[in-house]
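One structure is given here, and the rest of the page talks about it.
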Amino acid sequence: MADIQIRKVTANIGAQISGVDITEPLDEETTAALREALNVHKALVFDAEGLDDEGQQTFVRSFGDVTTAHPTVAAVDGAPNVLPVDSERGRAANHWHTDVTFVLNPPQASTLRSITIPPYGGETLIASSAAAYRDLPESLRRLADTLWAEHTNDYDYAVPEEEIDEEQAAQRALFTSIKYRTVHPVVRVHPLTGERGLFIGGFAQRIVGLSPGESRKILDLLQAYVVRPENILRHRWSENQLVLFDNRITQHYAVDNYDGLPRRLHRVTVAGDVPVGIEGKESYSIEGDASHYTTVATTTAA
């Protein structure tokens, strides 16, 4: 087993990992130790010097099956499991979200690896939805426990259609080329730790049983707890870094503050399980088949 050192970065989320060479295959003990660190800290930062696309995929496979790059968006050429997160392809990630929650079983974990980093800006914010849930007043927590939300990739964009150019319009059309609608619990129970977290974000568009206007007010109220500064890791990228975060109990946001300079990360994700609410009920799909994108992971309930 590697001699792992874990340095906590903030009180509620994030740890810097050293003593592990992630360019080499991980043994079972090291993988278990990293999984436990991820359970505790929600986001882990690694030195990725020498890691390429194949090595990133090998690292991710230590934690489970690898998904394809995305249900609708094209992968890196020759690497169907690697998604380019590239400023030249638009800035669709500059909204708070959990990856691919519009499908029935979103990824359990995501990795981002720095390829091209601007000289300033371009941070990735990662928020603990577990800390957000703990912050809720008791009355609001009881309400959230009862709610279910519909997630879709046909979501409300921050920039209206009339303000985007043809290329951006084409990217949006590709993103929604298969329409997905899935209902998830607003409060998800983590299958490994039993922690409760607010499972919402940008793809959550409507609370089941409420009007769009009522839904937006409640979702905005809950989201305000997720994005409290004390619940956020603000990761300033350096070259050759990899960040692993638990997609089941975090949200993230790519900050567009680098004046359009080149910025490129590569994303590889781990197939996830079907979310479960506090009463043990699973999420359910309304529209869209994601079987080409991901297998369904099985986990032992906490």
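The values are calculated or read from the model by the stated rules, or taken from the named source; none is laboratory data. Just so we're clear, the structure is a prediction, and the values are computed from it rather than from any experiment. Virtual Cβ from ideal backbone geometry, glycine too; neighbours counted across all protein chains shown.
For the range 197-219, the tally of residues that are over 17 Å from Arg141 (Cβ atoms) and either polar (S, T, N, Q) or within 20 Å of the chain's Cα centre (by Cα) (or both) stands at 8. Scanning the range 276-302 for residues that are within 20 Å of the chain's Cα centre (by Cα), modelled with pLDDT under 95 and surrounded by fewer than 13 Cβ atoms within 10 Å (Cβ to Cβ) yields a single hit, Thr298. Filtering the range 260-271 to residues that are touching an Asp or Glu at 6+ places or on another chain (Cβ under 9 Å) and in a loop (DSSP other than H, G, I, E, B) leaves Pro262, Arg263, Ala271. The single condition among (1) surrounded by 18 or more Cβ atoms within 10 Å (Cβ to Cβ); (2) over 16 Å from the mean Cα position of the chain (by Cα); (3) not polar (S, T, N, Q) that Ala224 does not meet is (1). Within the range 1-104, considering only strands (runs of 3 or more DSSP E) that don't extend past its boundaries, which have at least 2 residues that are within 24 Å of Gly202 (Cα to Cα)? Correct list: 43-47, 83-86.
Does the range 253-275 contain any residue that is surrounded by 19 or more Cβ atoms within 10 Å (Cβ to Cβ) and of a type in the set (Asp, Glu)? Within the range 253-275 (the criterion being surrounded by 19 or more Cβ atoms within 10 Å (Cβ to Cβ) and of a type in the set (Asp, Glu)), the answer is yes, since at least one residue qualifies. Restricting the range 227-250 to residues that are touching a helix residue (DSSP H, G or I) at 6+ places or on another chain (Cβ under 6 Å) and not β-branched (Val, Ile, Thr) leaves a set whose member that is surrounded by the most Cβ atoms within 10 Å (Cβ to Cβ) is Asp246.
The residues listed here are Leu242, Leu210, Leu192, Leu219; of these, the one that is assigned to a strand (DSSP E or B) and either at pLDDT 95 or above or under 16 Å from Ala149 (Cβ atoms) (or both) is Leu242.
With respect to (1) closer than 20 Å to Val45 by Cβ; (2) surrounded by 19 or more Cβ atoms within 10 Å (Cβ to Cβ), the lone exception for Tyr120 is condition (2). Filtering the range 124-180 down to residues that are out of contact with any helix residue (DSSP H, G or I) (no Cβ under 7 Å at 6 or more places or on another chain) and among the polar types (S, T, N, Q), which residue is modelled with the lowest pLDDT? Here the residue is Gln168. Being of a type in the set (S, T, N, Q), buried (at least 17 other Cβ atoms within 10 Å of the Cβ) and at pLDDT below 95 is the filter here, so list the residues in the range 56-101 that pass it. If the condition is that a residue be of a type in the set (S, T, N, Q), buried (at least 17 other Cβ atoms within 10 Å of the Cβ) and at pLDDT below 95, then Thr72, Ser87 are the ones that fit.
Screening Thr23, Thr30 for residues that are over 19 Å from the mean Cα position of the chain (by Cα), surrounded by fewer than 18 Cβ atoms within 10 Å (Cβ to Cβ) and of a type in the set (Val, Ile, Thr) leaves exactly one candidate, Thr23. Could you give me the residue pairs with C-beta distances under 7 Å whose first residue belongs to the range 133-147 and is in contact (Cβ under 8 Å) with a residue 24 or more places away in the chain and part of a helix (DSSP H, G or I), whose second residue is among the aliphatic types (A, V, I, L, M) and surrounded by 16 or more Cβ atoms within 10 Å (Cβ to Cβ) wherever it lies, and which are 6+ apart or on separate chains? Qualifying pairs under 7 Å: Tyr133/Val187; Tyr133/Leu198; Ala144/Leu136; Ala144/Val186; Ala144/Val187; Ala144/Leu198; Ala144/Leu222; Asp145/Val187.
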